[in-house]
Every structure is written in C-alpha cells, then in structure tokens.
1. Assess whether Gly329 counts as being out of contact with any Ser or Thr (no Cβ under 9 Å at 6 or more places or on another chain) and small (Gly, Ala, Ser).
2. Cβ-Cβ distance below 7 Å, separation of 6 or more or different chains: which pairs start in the range 62-81 with a residue that is open to solvent by 40 Å² or more (accessible area, probe 1.4 Å) and end on one that is not in a helix (DSSP H, G or I)?
3. Regarding the range 43-53, can at least one residue be identified that is open to solvent by 70 Å² or more (accessible area, probe 1.4 Å), in a helix (DSSP H, G or I) and modelled with pLDDT of 85 or more?
4. Of everything in the range 186-230, what is among the polar types (S, T, N, Q), within 20 Å of Asn255 (Cα to Cα) and at pLDDT below 85? Give them in sequence order.
5. Out of Ile236, Ile298, Ile305, which single residue is modelled with pLDDT under 90 and of a type in the set (Val, Ile, Thr)?
6. So which residues in the range 103-125 are on the phi < 0 side of the Ramachandran plot, modelled with pLDDT under 65 and surrounded by fewer than 11 Cβ atoms within 10 Å (Cβ to Cβ), if there are any at all?
7. Write out, first by first residue and then by second, each pair whose Cβ atoms fall under 7 Å of each other, whose residues are 6+ apart or on separate chains, and whose first residue, in the range 169-187, is over 18 Å from Asn286 (Cβ atoms) while the second is open to solvent by 20 Å² or more (accessible area, probe 1.4 Å) and in a helix (DSSP H, G or I).
8. Exactly one condition in (1) under 26 Å from Thr190 (Cβ atoms); (2) more than 29 Å from the chain's Cα centre (by Cα); (3) surrounded by 16 or more Cβ atoms within 10 Å (Cβ to Cβ) is not met by Leu306; state its number.
Amino acid sequence: SCEISANREGPMIFSDPTVSSVLANNFFLKDSRARGFQRYYSIIVVMSEREHLISNWHNINTAVSQVIEPLQNMAKDKYNLETKTLMDLKEKCESLRANTFNRRRGSAKAARNLKDLTMDPNIYETIHVQFVRILTSLEKSLKEKVLSGQPMKSSVIFPKASIETLLKILTQIGLPNFKILLYHLLSGKTLQIKSQIRHLSRKVGESLCIMLPNNLIRNPSYFANLVLATNDMEDIFPQLIVGPEDSSESQYVFNSCSCHKGLTCLHCPHMISSNFVVKFCKIFNNLKIPKTIQEMSIRSFGEMILLQSRVFVKIKTTSDKKIFLNKNGLTGGDEEILNFFKLFS
C-alpha cells in the first residue's frame with residue numbers, strides 16, 4: 001500500500017467499502033543497528049464497518065498511543081546503552097556504511113525483534129493483553145438496531161407512542177369494544193378520541209398510530225378518520241373518552257353510539273369479522289413476551305398488512321381479488337383494511 005502520513009508518523013485512515021476500513025498508527029523505534037538508527041512500525045485496526053471505526057477514532061488513537069509510548073521509551077533506553085559515547089556511534093556509522101553494499105545484496109543479518117529492541121522478554125505478551133483490551137472496548141461501544149420487515153417509505157417510529165397505553169385501553173374497555181375500535185382505526189372509518197385534557201387525547205392518538213403506516217415527520221396531522229376532540233365539541237361515534245390519569249374511575253370509556261347501550265344496541269356498530277384484527281388482539285393478549293418485543297411484533301404485522309395491500313391494489317378483477325382473499329384467509333372486513341392501507345403504498 002502507498003498510503004503514508006506526511007510526517008511518516010501518527011494515525012491515518014483509509015478504506016475500501018467493498019472490503020474493509022483501516023486505521024493505522026505509524027511510529028518508529030530507535031535501533032542503533034538500523035539504517036538511520038530507527039525502524040518504522042505500524043499498529044493497524046481493521047473493521048468492516050467504516051462508521052464504527054470513525055466514531056471511535058479518538059478512543060482507538062488514545063489506546064494505541066498507550067501501546068506505542070512504552071515501546072518507544074524502552075527502545076530509546078536500549079539505544080542509549082548501545083551508544084554511550086560519540087566514538088561508539090561513529091564506529092557504528094562506519095560499520096553500517098561498510099555493510100551497506102552487502103545488505104542490499106541480502107547478506108546482512110536479520111533485523112532485531114522487539115524483545116531485543118526493548119530488553120523485555122515478555123513484550124509480546126504485554127502487547128497482546130493491550131490489544132485484547134482495545135478490541136473489548138470496541139465491542140462494548142458497538143450499538144446495533146434490530147430491524148424487522150421490509151423497509152417502507154411510509155414507516156416511522158413514534159417516540160411518544162406507548163404500548164402500555166394500548167394495553168390499558170384494552171383492559172378497561174374490554175376485548176369486544178377494543179376489536180370495534182381497532183377495526184374502525186385500521187379500515188379508515190371515523191373514530192373520535194375525546195378528552196378535556198388535550199395532551200391525553202393526543203397521547204392516545206400517538207399510541208394508536210403504532211398500528212398505522214403513518215408518517216408524522218412528513219405530515220404533522222393525523223388521518224382524517226382519527227378525530228381528537230375536547231368536551232365542548234360535538235360527539236362522533238364510535239368514541240373513546242379519555243379521563244384524567246389520577247382519577248379513581250376508569251380512565252378509558254368506549255361508546256359505540258349515543259344510546260350508551262353498548263353491544264346490546266341493534267343500531268350500534270358491531271365488530272365485522274377480520275383476521276387482521278384478531279391477529280392484533282392475539283399479540284396484545286400475549287403477556288409472556290417483553291413489551292419491546294410486543295411492540296416490535298405489532299409494527300411488523302402492520303408492515304405485513306401494508307405489503308399485502310400493495311399486492312392487492314395491483315389486482316384488477318373482482319374474481320381475482322376474491323381468490324387473493326381466500327388464499328390468504330382474509331375476510332370482507334380485511335378487504336376494507338387493505339383498501340385503506342393501499343392509500344399509503
């Protein structure tokens with residue numbers, strides 16, 4: 001390689017994205033038997049990830065310098081012992097000059113190793129321990145993100161969303177009402193979230209958006225079907241009422257219609273069969289897995305619905321659409337969800 005530092009010492013980095021990235025720290029050790037009385041060495045750190053190497057540039061250079069400095073000090077002590085007087089140094093220069101021709105022809109003696117240059121018989125073991133520490137620190141500083149599903153242009157992570165909020169809603173309004181809420185949310189039908197405290201209704205809306213392929217960075221507003229309202233606004237049903245967090249009563253109340261009879265009312269919207277909704281509910285009811293895995297499963301399933309909607313939108317005839325739904329075990333309710341999700345493909 002022809003990569004060199006301007007002063008022939010110090011750190012430098014070079015990389016080939018198809019192979020790896022290299023951080024090299026060049027230095028020299030004093031050697032009375034070497035040409036110019038010094039030998040050049042380099043400690044290199046090789047990584048496949050260029051970003052990780054650059055982000056740890058300072059830490060790596062500090063650790064490598066702690067390896068180099070003791071070597072240089074010990075080599076300098078050895079050099080001083082061998083060149084105590086100017087006469088000794090002059091004799092060595094004449095000896096080196098006399099042997100230059102033979103050295104070029106390959107007849108010179110082999111270069112001295114680090115044990116000879118540093119007068120330390122355990123120098124290789126010491127360096128090995130230091131290298132292990134460097135690699136260990138790099139491994140500990142490595143941060144990886146777990147990605148699931150196919151990347152989507154409409155995907156987004158909602159930093160304020162909370163799976164705990166959704167689980168609390170499920171517990172307080174019951175599974176039948178929660179299914180109606182999910183169906184209206186996923187199929188693009190109107191769903192009102194009403195609270196006297198504005199930030200509480202927004203918190204619920206952000207949590208519900210975990211299941212939707214929305215992009216709040218591109219569009220700061222929610223979907224038109226998700227209506228955030230205060231108590232002085234007109235009621236729209238179905239409706240999720242959000243109360244104060246410190247209230248002794250239930251914080252979440254779900255009303256299917258104005259009669260407040262719930263599932264016994266013939267005019268209230270009832271749950272339409274949907275395998276997508278059933279799958280979401282199974283994920284919510286799986287209490288054996290950690291909350292982070294539960295949220296990842298919800299997001300991944302939402303991505304899967306979006307991918308199926310992209311395929312569904314390409315199907316032209318009604319008969320072919322029915323075949324697609326039957327092959328995938330989907331219902332008429334799932335078709336409405338696919339039709340809504342395709343708006344974000």
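1. So Gly329 passes the test.
2. Hits for this filter: Gln72/Phe27; Gln72/Leu29; Met74/Met119; Met74/Asp120; Lys76/Lys30; Lys78/Met119.
3. Scanning the range 43-53, I find no residue that is open to solvent by 70 Å² or more (accessible area, probe 1.4 Å), in a helix (DSSP H, G or I) and modelled with pLDDT of 85 or more, so the answer is no.
4. Asn225
5. Matching residue, one of Ile236, Ile298, Ile305: Ile236.
6. The answer is Arg104, Arg105, Ser107, Lys109.
7. So the pair list comes out as Pro176/Leu263; Leu186/Phe340; Ser187/Glu336; Ser187/Phe340.
8. In the conditions (1) under 26 Å from Thr190 (Cβ atoms); (2) more than 29 Å from the chain's Cα centre (by Cα); (3) surrounded by 16 or more Cβ atoms within 10 Å (Cβ to Cβ), Leu306 misses (2) alone.
The values are calculated or read from the model by the stated rules, or taken from the named source; none is laboratory data. Every value quoted in this text rests on a predicted model; they were computed, and no experiment measured them. Cβ sites come from the backbone with ideal geometry, for glycine too, and all protein chains shown count toward neighbours. Note: areas computed on protein heavy atoms with side chains; ligands, DNA, RNA excluded. Shrake-Rupley method; radii C 1.70, N 1.55, O 1.52, S 1.80 Å.
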